[in-house]
Amino acid sequence: MIASSASLTTLTWPGQLRVEPDAEAVAAHVAERLHQALEDGGVLGLATGRTMEPVYAALRQRLLALPKPQRELLLRQWRSFNLDEYVGLGPDHPQSFAAFMQRQLAGPLQIERGSLAIPHGLALDADAEARRYSAAVVAAGGVDLQLLGLGSNGHVGFNEPPCSEAEPCRCLTLSPATRQQNAEAFGGDPAAVPARAITLGTAEILAARRLLLVVTGAAKAGILRRALLEPPCPEVPASWLQRHPRLEVVVDLAAAAQLELS
Ligand code: GLP
């Protein structure tokens with residue numbers, strides 16, 4: 001089901017909302033979008049998190065089904081920038097986002113590690129690393145399609161509330177809510193989740209040519225409603241996405257439960 005903005009009673013942003021029956025159908029649609037962006041030779045902006053696991057599984061399946069020469073040609077052109085990384089975790093740490101990307105995409109698809117850019121979590125100067133990373137995105141010509149998940153407190157990337165719509169790539173302190181949200185990967189202990197991260201800012205995210213926000217599960221229904229239907233505000237960083245002229249939101253029915261679809 002595709003709901004245009006006109007079919008939502010209070011929606012004011014110009015983008016498109018797509019509601020799929022479940023997370024699997026969401027993943028299939030998003031994988032198709034990513035595949036198309038690769039075919040177009042675009043620079044991808046990639047995200048981590050549990051929401052993206054079925055998305056990347058569907059993308060792997062699509063790409064591995066291609067004839068080998070076609071797949072190899074496509075994967076040689078791969079250029080992507082991840083949103084964020086924990087400060088203090090290097091690619092050899094299993095909970096680093098670099099390791100996540102290696103497991104999800106680079107390893108199974110045999111993409112060269114260097115083609116998937118991600119901030120260096122072990123950089124001696126994390127602020128300088130954030131500046132370098134932002135400049136690298138610009139030097140690559142910017143991001144064509146930015147994939148985004150939604151944090152339970154409304155963050156995108158690791159842009160924690162409060163957050164203006166023009167925050168640059170930076171090193172910041174993670175909120176207790178986010179460390180709680182991500183504790184599962186660290187043996188269930190929020191204190192084991194790194195305290196700081198480097199993230200592309202709302203400035204870089206909103207500079208991408210197209211945005212694709214992916215949200216699944218009933219637990220995100222309330223924050224998704226705030227992000228899409230309330231006026232943009234610093235307390236819900238994802239609400240700034242409403243200002244982007246080419247935002248597509250892909251959700252499952254459970255996440256859409258509070259969107260007042262007509
Ligand atoms: C993480 C990431 C975000 C991700 C979000 C949701 O902390 N930094 O990029 O989108 O939180 O995660 P999940 O999909 O596991 O709910």
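Among the residues making up segment 154-175, those that are open to solvent by 30 Å² or more (accessible area, probe 1.4 Å) and in a loop (DSSP other than H, G, I, E, B) are 161, 162, 164, 165, 166, 167, 168. Within segment 135-149, being within 14 Å of the ligand (Cβ to nearest atom) and either on the phi > 0 side of the Ramachandran plot or of a type in the set (S, T, N, Q) (or both) holds for one residue alone: 146. Of all the residues in segment 122-153, those that are open to solvent by 40 Å² or more (accessible area, probe 1.4 Å) and either part of a strand (DSSP E or B) or farther than 25 Å from residue 30 by Cα (or both) number 8. A Cβ distance below 6 Å, combined with a sequence gap of six or more or placement on separate chains, defines the contacts here; from segment 242-260, residues that are surrounded by fewer than 18 Cβ atoms within 10 Å (Cβ to Cβ) reach residues that are basic (Lys, Arg) in the pairs 246/210; 258/225. I'd like the full set of residues that are closer than 23 Å to residue 143 by Cα and among the small types (Gly, Ala, Ser), limited to segment 65-111. Result: 80, 96, 98, 99, 106, 107. If a residue must be crowded, with 19+ Cβ neighbours inside 10 Å and not hydroxyl-bearing (Ser, Thr, Tyr), how many such residues does segment 195-205 contain? Here the count works out to 6. Of all residues in segment 34-76, those satisfying the criterion of being of a type in the set (D, E, K, R) and within 24 Å of residue 219 (Cβ to Cβ) are 50, 53. Looking at segment 9-121, the strands (runs of 3 or more DSSP E) lying wholly inside it that each contain 2 or more residues that are open to solvent by less than 80 Å² (accessible area, probe 1.4 Å), away from the ligand (no atom under 12 Å from the Cβ) and closer than 17 Å to residue 146 by Cβ sit at 16-20, 80-82.
The number of residues in segment 176-185 that are more than 9 Å from the ligand (Cβ to nearest atom), of a type in the set (A, V, I, L, M, F, W, C) and open to solvent by 30 Å² or more (accessible area, probe 1.4 Å) comes to 1. Among the residues of segment 1-35, the ones that are of a type in the set (A, V, I, L, M), in contact with a Leu (Cβ under 8 Å, 6 or more places away or on another chain) and modelled with pLDDT of 65 or more come to 5 in all. Total residues in segment 162-189 satisfying the condition of being under 19 Å from residue 130 (Cβ atoms) and among the polar types (S, T, N, Q): the figure is 4.
Would you pick out the residues in segment 190-209 that are in contact with a helix residue (DSSP H, G or I) (Cβ under 6 Å, 6 or more places away or on another chain) and either modelled with pLDDT under 95 or outside any helix (DSSP H, G or I) (or both)? If the condition is that a residue be in contact with a helix residue (DSSP H, G or I) (Cβ under 6 Å, 6 or more places away or on another chain) and either modelled with pLDDT under 95 or outside any helix (DSSP H, G or I) (or both), then 193, 198 are the ones that fit.
The values are calculated or read from the model by the stated rules, or taken from the named source; none is laboratory data. Values in this document were obtained by computation on a predicted structure and should not be read as measured data. Backbone-built Cβ (ideal geometry, glycine too); neighbour counts: all protein chains shown. Each accessible area value is taken on the protein alone, full model and side chains, heavy atoms only, with ligands, DNA and RNA left out. Shrake-Rupley method; radii C 1.70, N 1.55, O 1.52, S 1.80 Å.
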